Structure formats: C-alpha cells, structure tokens
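Undergrad: Quick one: this structure, given as structure tokens, is what I'll be asking you about.
The values are calculated or read from the model by the stated rules, or taken from the named source; none is laboratory data. No experiment lies behind these values; they were computed from the predicted model shown. Here the Cβ is made from the backbone with ideal geometry for all residues, glycine too, and neighbour counts use every protein chain on show.
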Amino acid sequence: MPFLLIMKLGAIAFLWQRLYLTLWIALILILTFTFRDIYDALFHLKELAKIPQDVKRLFYVLYGAMMLSLLGCLTLHRTQFGRRHPGFVFLGLSWSITLVEQIWATLNNFALPDTFAWFLVFLSQATLIPVRSSLHLVSQLGVLVYYFGVNTALGLKPLPTYTDRPMYTVTMILALFWFCFICNLGVYLYDRLQRSEFFCP
C-alpha cells in the first residue's frame, strides 16, 4: 500500500475517532444549556431576565432541533458513509450548533449574534479535532456568511431585549477574524507537524 495512502487513511481514522468524542461533548453541552433554561423557568436567573418569555420558550425548540441534528450526525458517524467521509460529519457537527441557531432565529424574524456559541464551537473543534484545516475554515465561513449575508439581505436585526449590540461592529468583526485565524493556524500547524513527524526518517 503506498505510503501517502497509509498516511491519508490514518488521518481519516483520527478524524473519525475524534468526531465521536466531540459529538458526545456537544450533546452534553446542549443538555447543560437546556437544564439552565429549565432552572431559569423555575427560579428566574437574573442574567436571563431581559429575554422575553416567548423567546425563552422558543429556546426549547432550538435545543430540540440541535439535539436532533447532533443525534443525526452521531447516527451518520456510525455508518459506512460516515466512516469514509468524516468531513460531512464534521460539518454537520459544527453547523448543528452554529447554523441551526441562525436558521431558527431567521424563522423567528430576528438575527442572533451568538459569538459565544461560535467561539465555543470553533475552539472546541480546533482543540479536539486538530486536522483538516480546510474543514475548519468551511465550517466557520458557513455560519459567518449566513449571519452577515442572509440577515443583511432579509433586513433582520437582533432583538433589542436580547442584546444591546447592533447587528455587527468593527470590534465583533475583528474578534471573529482573529479568533478564526488563530484556530485555523493552530490546526494547520498541527497538520504540518504531524506530516513532518510521519515523514521523518
């Protein structure tokens, strides 16, 4: 078997294994935020007081959609297709959190500048799955193009009671750029290091 093919198969196996771990972490993450909102419904957290009750109720639909999407990715991960094409599972995992919430917000007629979720997903992926920098870039561009493009085209704005931030600011754009750049650079450097170690005599 050619040397490059062995290396490629090893990288695919690593990606496939790390996806399994990351999918379970993502499912637990969504559950923790669901429990937070249940706690808020019972005991009223001050940090969520500005969010209208009708929007809070919609969050359960969002979390349900995210959970279904993540469970779909977990199911796909176990198939032959998922084993052969883990890149699709990677993008599904990423967009199950970042893009599903954007589509949910669009369907409810507002924009959701959830940089906290974006940073959490991008950093988690770079840390737990430090291979295939092109996949990281595509997963990031997918949500950013949707947020800035679709919301601008539809004229959607963030809910004033949900956030005091405008649709976007220079600081937000710079933070997103540098955060994505650093995550992708880290993944790229890890990829290069892995290749150089593999090719060392």
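Undergrad: Inside region 25-64, can you point out the residues that are of a type in the set (Gly, Ala, Ser) and not in a helix (DSSP H, G or I)?
TA: Of all residues in region 25-64, those of a type in the set (Gly, Ala, Ser) come to 26, 41, 49, 64.
Within region 25-64, ALA49 is the sole residue that qualifies.
Undergrad: On to the next question. Of all residues in region 134-158, which are without any contact (Cβ under 8 Å) to a residue 40 or more places away in the chain and surrounded by fewer than 14 Cβ atoms within 10 Å (Cβ to Cβ)?
TA: First, the residues of region 134-158 that are without any contact (Cβ under 8 Å) to a residue 40 or more places away in the chain: 134, 141, 144-145, 148-149, 152-153, 155.
SER134, LEU141, VAL145, GLY149, THR152, ALA153, GLY155 - these are the residues of region 134-158 that are without any contact (Cβ under 8 Å) to a residue 40 or more places away in the chain and surrounded by fewer than 14 Cβ atoms within 10 Å (Cβ to Cβ).
Undergrad: Mind checking which residues of region 15-57 are within 19 Å of THR75 (Cβ to Cβ) and surrounded by 14 or more Cβ atoms within 10 Å (Cβ to Cβ)?
TA: Residues satisfying the conditions are LEU15, TRP16, ARG18, LEU19, TYR20, THR22, LEU23, ALA26, LEU27, LEU29, ILE30.
Undergrad: Restricting the first residue to region 1-25 and requiring it to be modelled with pLDDT of 85 or more, which pairs with a second residue that is surrounded by fewer than 17 Cβ atoms within 10 Å (Cβ to Cβ) and in a helix (DSSP H, G or I) meet a Cβ separation below 7 Å and a spacing of at least six or different chains?
TA: Listed pairs, sorted by first residue: TRP16/ARG83; ARG18/LEU128; LEU21/LEU128; THR22/LEU128.
Undergrad: (1) touching a residue at least 24 places away in the same chain (Cβ under 8 Å); (2) within 24 Å of PRO158 (Cβ to Cβ); (3) small (Gly, Ala, Ser); (4) out of contact with any Phe, Trp or Tyr (no Cβ under 8 Å at 6 or more places or on another chain): which one isn't true of ALA111, the others all being true?
TA: Single failed check for ALA111: (4).
Undergrad: Considering only region 144-168, state which residues are closer than 12 Å to THR115 by Cβ and at pLDDT below 95. Can you show your working first?
TA: The first filter runs over region 144-168 and keeps only residues closer than 12 Å to THR115 by Cβ, leaving 144, 147, 158, 163, 165, 168.
Scanning region 144-168 gives PRO158, THR163, ARG165, TYR168.
Undergrad: Quick one: would you say VAL138 is touching a helix residue (DSSP H, G or I) at 6+ places or on another chain (Cβ under 6 Å), modelled with pLDDT of 95 or more and of a type in the set (A, V, I, L, M, F, W, C)?
TA: On the way: touching a helix residue (DSSP H, G or I) at 6+ places or on another chain (Cβ under 6 Å): no; modelled with pLDDT of 95 or more: yes; of a type in the set (A, V, I, L, M, F, W, C): yes.
Spelling it out, it is not the case that VAL138 is touching a helix residue (DSSP H, G or I) at 6+ places or on another chain (Cβ under 6 Å), modelled with pLDDT of 95 or more and of a type in the set (A, V, I, L, M, F, W, C).
Undergrad: Can I ask one more? If you go through region 26-47, how many residues are free of Cβ contacts under 8 Å to residues at least 12 places away in the same chain, aliphatic (A, V, I, L, M) and more than 16 Å from ILE97 (Cα to Cα)?
TA: 3
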